[in-house]
Amino acid sequence: MTGTSTTSSRFRLSAVSFDPPLGGRPDATQKCEQAAAVFDLLDNNRFAPVEHGGGPYRLRLTLVDKRLVISVTTENGAPVLRHHLSLTSFRRLLKDYRIVCESFANAEARLTPDRLEAIDMGRRAIHDEASALLIQRLESKIGIDQATARRLFTLIHLLVPQQLLEGVI
């Protein structure tokens, strides 16, 4: 999915794409989640590749051999960086995040608002921990803020297939 940003900064993303799209065959909920995360990300982000003069930038996320490949180019296609990020340190967070999101979706119709809020608080806590880890793991390559990291983690979560988290592939 690709979109256009309204942010005026040179250190921002103007487009995001995936390969493969959402780890294969997304369902309607995943498509909606992806569209919302991409829209929010492109609307407001801070994305500053280290030692690069400025963009805006295009980001491509690819899953290759249990690693996330982060490819960044300028808007006119000039390569900026290509970084292979191991998902090993994210594995527990990705699994926990997936479980709590599924729990929330399954419980939405039958739980009281206070119980749903408790599940959502757990989801936000995992999301915050994962985004802090993402900032830390990328700091030598790309400067991102908390909001950008949260949205990127959402996209990573959607890109990584369940089988990878279970060690099947």
What are the pairs with Cβ atoms under 7 angstrom where one residue, in region 4-28, is polar (S, T, N, Q) and the other, located anywhere, is at pLDDT 55 or above and in a strand (DSSP E or B)? Sequence gap at least six, or different chains. THR4/SER14; SER5/LEU13; SER5/SER14; SER14/TYR57; SER14/ARG58; SER17/ARG60
In contact with a helix residue (DSSP H, G or I) (Cβ under 8 Å, 6 or more places away or on another chain), farther than 21 Å from VAL38 by Cα and free of Cβ contacts under 8 Å to residues at least 12 places away in the same chain: is that true of LEU111 in this structure? yes
Of everything in region 33-62 that's modelled with pLDDT under 85 and within 15 Å of the chain's Cα centre (by Cα), which residue is surrounded by the fewest Cβ atoms within 10 Å (Cβ to Cβ)? GLU33
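Okay, residues lined up against (1) surrounded by fewer than 12 Cβ atoms within 10 Å (Cβ to Cβ); (2) more than 16 Å from GLN30 (Cβ to Cβ); (3) of a type in the set (A, V, I, L, M, F, W, C):
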residue: ARG91; (1), (2), (3): no, yes, no
residue: LYS95; (1), (2), (3): no, yes, no
residue: ARG98; (1), (2), (3): no, no, no
residue: ALA105; (1), (2), (3): yes, no, yes
residue: ARG110; (1), (2), (3): yes, yes, no
residue: ALA125; (1), (2), (3): no, yes, yes
residue: GLU129; (1), (2), (3): no, yes, no
Residue within region 70-82 that is touching a residue at least 40 places away in the same chain (Cβ under 8 Å), buried (at least 20 other Cβ atoms within 10 Å of the Cβ) and out of contact with any strand residue (DSSP E or B) (no Cβ under 6 Å at 6 or more places or on another chain) present: no
How many residues, within region 36-55, are of a type outside the set (Val, Ile, Thr) and part of a loop (DSSP other than H, G, I, E, B)? 8
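Would you say ALA15 is out of contact with any Cys (no Cβ under 9 Å at 6 or more places or on another chain), crowded, with 16+ Cβ neighbours inside 10 Å, at pLDDT below 90 and not in a loop (DSSP other than H, G, I, E, B)?
No.
The values are calculated or read from the model by the stated rules, or taken from the named source; none is laboratory data. Small disclaimer: the values here were computed from a predicted structure and weren't measured. FYI the Cβ positions are ideal-geometry reconstructions off the backbone, even for glycines, and counts take in every protein chain you see.
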